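Undergrad: Have a look at this one.
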Amino acid sequence: MPTAPKVLDWYFDFISPYAYFALLKLDRALPAGVELRLRPLLFAGLLNHHGHKGPAEIPAKRIWTYQSCTWSAAQAGIPFRFPAAHPFNPIPYLRLCLAAGATPAATRTIFDALWTTGADPADPAQVETLAARLGVPLAALEAPAVKQQLRDNGEAAIAAGVFGVPTLVIDGQLFWGVDGLDFAMACLADPALLDSAEMRRLATLPAAANRLRAASA
């Protein structure tokens, strides 16, 4: 009998330009016999859970992120343009993706619309146009099952320890961001990479200082 493909969870939010870059890289990097289970989630929910600020919530980091992403895309020859406003509310796009089955084609279509055109994500016409292209009735975005799936993805991500987007999960190991994909592909090719004495030591490395305690001292 043929071997079942290995299925990896990939958590993402359309609000992240890094998720767009990572999807393009995954399209080229995944080895044969490996499939992605695309799991859109609300990045803001992760930030709230972990008590983090998003990159766009720190003014200097916001500008650097936007400029760095634009430069990196140009260097790589990737079609890319920041939307008319950022951050934006990604919920309609996350629900649209789920209503379309969270397929690779639907996910790529939405990413391309948001990250290559410079359009305004807050414009209802953007959602309407995408829904029509994907053959999804707008009413489906309000379906209880779609809303629940979005919540379930967020809860599953938190349970897995996911702290940012995009994140690829391989056998319980988290690989965060675009840069983490090279590490992920290496571990797929050789799972023993994570079993070395040094990797095991790092998993239990103690912290020698606490920022919150130090600030209150």
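The values are calculated or read from the model by the stated rules, or taken from the named source; none is laboratory data. For clarity, every value in this text was computed on a predicted model and none was experimentally measured. Virtual Cβ from ideal backbone geometry, glycine too; neighbours counted across all protein chains shown.
Undergrad: In the list 94, 114, which residue meets the criterion of being in contact with a strand residue (DSSP E or B) (Cβ under 7 Å, 6 or more places away or on another chain), aliphatic (A, V, I, L, M), part of a helix (DSSP H, G or I) and within 21 Å of residue 166 (Cβ to Cβ)?
TA: Numbers: 114 fails: in contact with a strand residue (DSSP E or B) (Cβ under 7 Å, 6 or more places away or on another chain).
Among 94, 114, only 94 is in contact with a strand residue (DSSP E or B) (Cβ under 7 Å, 6 or more places away or on another chain), aliphatic (A, V, I, L, M), part of a helix (DSSP H, G or I) and within 21 Å of residue 166 (Cβ to Cβ).
Undergrad: To continue, here is another question. Looking only at segment 61-107, count how many residues are over 30 Å from residue 148 (Cα atoms) and not β-branched (Val, Ile, Thr).
TA: So the first thing to find is which residues in segment 61-107 are over 30 Å from residue 148 (Cα atoms), and the list is 61-81.
Still in the list and also not β-branched (Val, Ile, Thr): 61-62, 64, 66-69, 71-77, 79-81.
Result for segment 61-107: 17.
Undergrad: Looking only at segment 42-61, which residues are within 18 Å of residue 177 (Cα to Cα), surrounded by 11 or more Cβ atoms within 10 Å (Cβ to Cβ) and within 18 Å of the chain's Cα centre (by Cα)?
TA: We begin by selecting, within segment 42-61, every residue within 18 Å of residue 177 (Cα to Cα); these are 42-47, 50, 52-56, 61.
Restricting the remaining residues to those that are surrounded by 11 or more Cβ atoms within 10 Å (Cβ to Cβ) gives 42-47, 50, 52, 54-56, 61.
Correct list: 42, 43, 44, 45, 46, 47, 50, 52, 54, 55, 56.
Undergrad: OK, next. Could you list, in sequence order, all residues of segment 177-192 that are assigned to a loop (DSSP other than H, G, I, E, B) and either surrounded by fewer than 16 Cβ atoms within 10 Å (Cβ to Cβ) or in contact with a strand residue (DSSP E or B) (Cβ under 7 Å, 6 or more places away or on another chain) (or both)? Walk me through it before giving the result.
TA: Step one: filter segment 177-192 for residues assigned to a loop (DSSP other than H, G, I, E, B), giving 177-179, 190.
Result: 179, 190.
Undergrad: Let me ask you something else. Scanning segment 119-176 for residues that are assigned to a helix (DSSP H, G or I), of a type in the set (A, V, I, L, M) and in contact (Cβ under 8 Å) with a residue 40 or more places away in the chain, which turns out surrounded by the most Cβ atoms within 10 Å (Cβ to Cβ)?
TA: At the first step, the residues of segment 119-176 found to be assigned to a helix (DSSP H, G or I) are 124-134, 138-142, 144-160.
If we keep only those that are of a type in the set (A, V, I, L, M) as well, we get 125, 127, 130-132, 134, 138-141, 145-146, 150, 156-160.
Pick out the ones that are also in contact (Cβ under 8 Å) with a residue 40 or more places away in the chain and you get 140-141, 146, 150, 156-158, 160.
Details: 140: 16, 141: 19, 146: 18, 150: 20, 156: 15, 157: 26, 158: 15, 160: 16.
The qualifying residue surrounded by the most Cβ atoms within 10 Å (Cβ to Cβ) is 157.
Undergrad: I've got another one for you. List, please: which pairs have Cβ atoms under 7 Å, are six or more places apart or on different chains, and start with a residue in segment 41-55 that is within 17 Å of residue 147 (Cα to Cα) and end with one that is in a loop (DSSP other than H, G, I, E, B) and of a type in the set (D, E, K, R)?
TA: 41/13; 42/13; 43/13
Undergrad: Which residues, taken from segment 1-19, are modelled with pLDDT of 95 or more and either surrounded by fewer than 23 Cβ atoms within 10 Å (Cβ to Cβ) or not β-branched (Val, Ile, Thr) (or both)?
TA: Answer for segment 1-19, where residues must be modelled with pLDDT of 95 or more and either surrounded by fewer than 23 Cβ atoms within 10 Å (Cβ to Cβ) or not β-branched (Val, Ile, Thr) (or both): 8, 9, 10, 11, 12, 13, 14, 16, 17, 18, 19.
Undergrad: Looking at (1) in contact with an Asp or Glu (Cβ under 9 Å, 6 or more places away or on another chain); (2) assigned to a loop (DSSP other than H, G, I, E, B), which is the only condition residue 86 fails?
TA: The one condition residue 86 does not meet is (1).
Undergrad: Something else about it: Do we find that residue 87 is modelled with pLDDT under 95 and out of contact with any Cys (no Cβ under 7 Å at 6 or more places or on another chain) in this structure? Walk me through it before giving the result.
TA: Working: modelled with pLDDT under 95: no; out of contact with any Cys (no Cβ under 7 Å at 6 or more places or on another chain): yes.
Here the answer is no, as residue 87 does not meet what is asked.
Undergrad: Scan segment 62-81 for residues that are outside any helix (DSSP H, G or I) and surrounded by fewer than 17 Cβ atoms within 10 Å (Cβ to Cβ) and jot them down. Give the steps one after another, and end with the answer.
TA: Taking segment 62-81 as the starting set, the residues that turn out to be outside any helix (DSSP H, G or I) are 77-81.
Of everything in segment 62-81, those that are outside any helix (DSSP H, G or I) and surrounded by fewer than 17 Cβ atoms within 10 Å (Cβ to Cβ) turn out to be 77, 78, 79, 81.
Undergrad: If you go through segment 34-46 one residue at a time, do you hit one that is part of a loop (DSSP other than H, G, I, E, B), among the small types (Gly, Ala, Ser) and either at pLDDT 95 or above or over 17 Å from residue 19 (Cβ atoms) (or both)?
TA: Narrowing segment 34-46 to residues part of a loop (DSSP other than H, G, I, E, B): 41-42.
Filter once more, keeping what is among the small types (Gly, Ala, Ser): none.
Looking for residues that are part of a loop (DSSP other than H, G, I, E, B), among the small types (Gly, Ala, Ser) and either at pLDDT 95 or above or over 17 Å from residue 19 (Cβ atoms) (or both), one finds none in segment 34-46, hence no.
Undergrad: With the structure loaded, tell me whether residue 18 is within 16 Å of residue 177 (Cα to Cα), assigned to a helix (DSSP H, G or I) and in contact with a His (Cβ under 8 Å, 6 or more places away or on another chain) or whether it fails that test.
TA: Details: within 16 Å of residue 177 (Cα to Cα): yes; assigned to a helix (DSSP H, G or I): yes; in contact with a His (Cβ under 8 Å, 6 or more places away or on another chain): no.
The answer is no for residue 18.
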